[in-house]
Amino acid sequence: MPPASTRRASRSTSGPLVGLVLGGLLLAGCAAESGSTSPDDVVGQGYQSGDGSLRTWAVDDRGEPVRLVGEDFEGNPVDTGAGGSVVVLNTWYAACPPCRAEAPDLLEVATGRADDGVRFVGINGTDDAGAALAFEREHDVTWPSIADTDGSVMATLQGVVPVQAVPTTVVLDLEGRVAARVLGQVDASTLDGLVADVLAESDG
């Protein structure tokens, strides 16, 4: 599924590519594929940092729809659906510093785009219910997160779009196909712009 365009969420125009997540989301350290490190690559913190790189796919270049199904940390069913609404997926866990830093930005977009029918769904394969729910209360999270304890949901997503960092944010179009991906921390203006672009496709 080749990219139609590649942009960056930050002002810089280059940066190291991050390595593939292997054996789940917990890693002993963080290193770029080149073997170099950056200030965001903190050894022993249990997360793999991304560089904020953004990739989008043109409508004609998108692959098969993604549908993720599971339960949240209170045992309620979560289903991203078979299309019909824009869905924002976000991988995270409570002790991940960039996940905590981006939480207010995610909330801003989720709140601002609620009337447009945009849905947010988190994916967390690391935390127990206590840690996850405490994070959600602390950050006023209004959307469900799938408790992906067996890694099956993440494997499904990885089969469609590489998820090379925690956090990663993925935007699904109205047909459930991957339209955009941000590796690492995302800011509100970038995410809102991606959502707006996908919403505008229905008017084209």
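The values are calculated or read from the model by the stated rules, or taken from the named source; none is laboratory data. All values reported here derive from a predicted model rather than from experimental measurement. Every residue, glycine as well, gets a Cβ built from its backbone with ideal geometry; the counts of neighbours run over all protein chains shown. SASA here: full protein model, heavy atoms, side chains in, ligands and nucleic acids out. Shrake-Rupley method; radii C 1.70, N 1.55, O 1.52, S 1.80 Å.
Would you confirm whether any residue within the range 193-200 is touching a helix residue (DSSP H, G or I) at 6+ places or on another chain (Cβ under 8 Å) and in contact (Cβ under 8 Å) with a residue 24 or more places away in the chain? Looking for residues that are touching a helix residue (DSSP H, G or I) at 6+ places or on another chain (Cβ under 8 Å) and in contact (Cβ under 8 Å) with a residue 24 or more places away in the chain, one finds at least one in the range 193-200, hence yes.
Whether any residue in the range 125-144 is under 11 Å from the mean Cα position of the chain (by Cα) and at pLDDT 95 or above is what I want to check. Checking the range 125-144: not a single residue is under 11 Å from the mean Cα position of the chain (by Cα) and at pLDDT 95 or above. Inside the range 176-192, residues that are surrounded by fewer than 17 Cβ atoms within 10 Å (Cβ to Cβ) and more than 15 Å from Phe120 (Cα to Cα) make up a count of 1. Of note, Pro65 does not satisfy the criterion of being modelled with pLDDT under 50, open to solvent by 40 Å² or more (accessible area, probe 1.4 Å), of a type outside the set (A, V, I, L, M, F, W, C) and part of a loop (DSSP other than H, G, I, E, B). The set of residues from the range 70-89 being outside any loop (DSSP other than H, G, I, E, B) and over 17 Å from the mean Cα position of the chain (by Cα) comprises Glu71, Pro77.
Filter the range 116-170 down to residues that are part of a loop (DSSP other than H, G, I, E, B) and of a type in the set (D, E, K, R) and give me whichever is surrounded by the most Cβ atoms within 10 Å (Cβ to Cβ).
Step by step, filter the range 116-170, then rank; the result is Asp148.
Here Phe135 does not qualify as of a type in the set (Phe, Trp, Tyr) and closer than 20 Å to Thr80 by Cα. Return a yes/no flag: does the range 68-90 have any residue that is among the charged types (D, E, K, R), in contact (Cβ under 8 Å) with a residue 60 or more places away in the chain, surrounded by fewer than 20 Cβ atoms within 10 Å (Cβ to Cβ) and more than 20 Å from Asp187 (Cα to Cα). Yes: one or more hits.
Here Ala101, Ala110, Ala95 are screened, and the one residue that is surrounded by fewer than 23 Cβ atoms within 10 Å (Cβ to Cβ) and touching a Gly at 6+ places or on another chain (Cβ under 7 Å) is Ala95.
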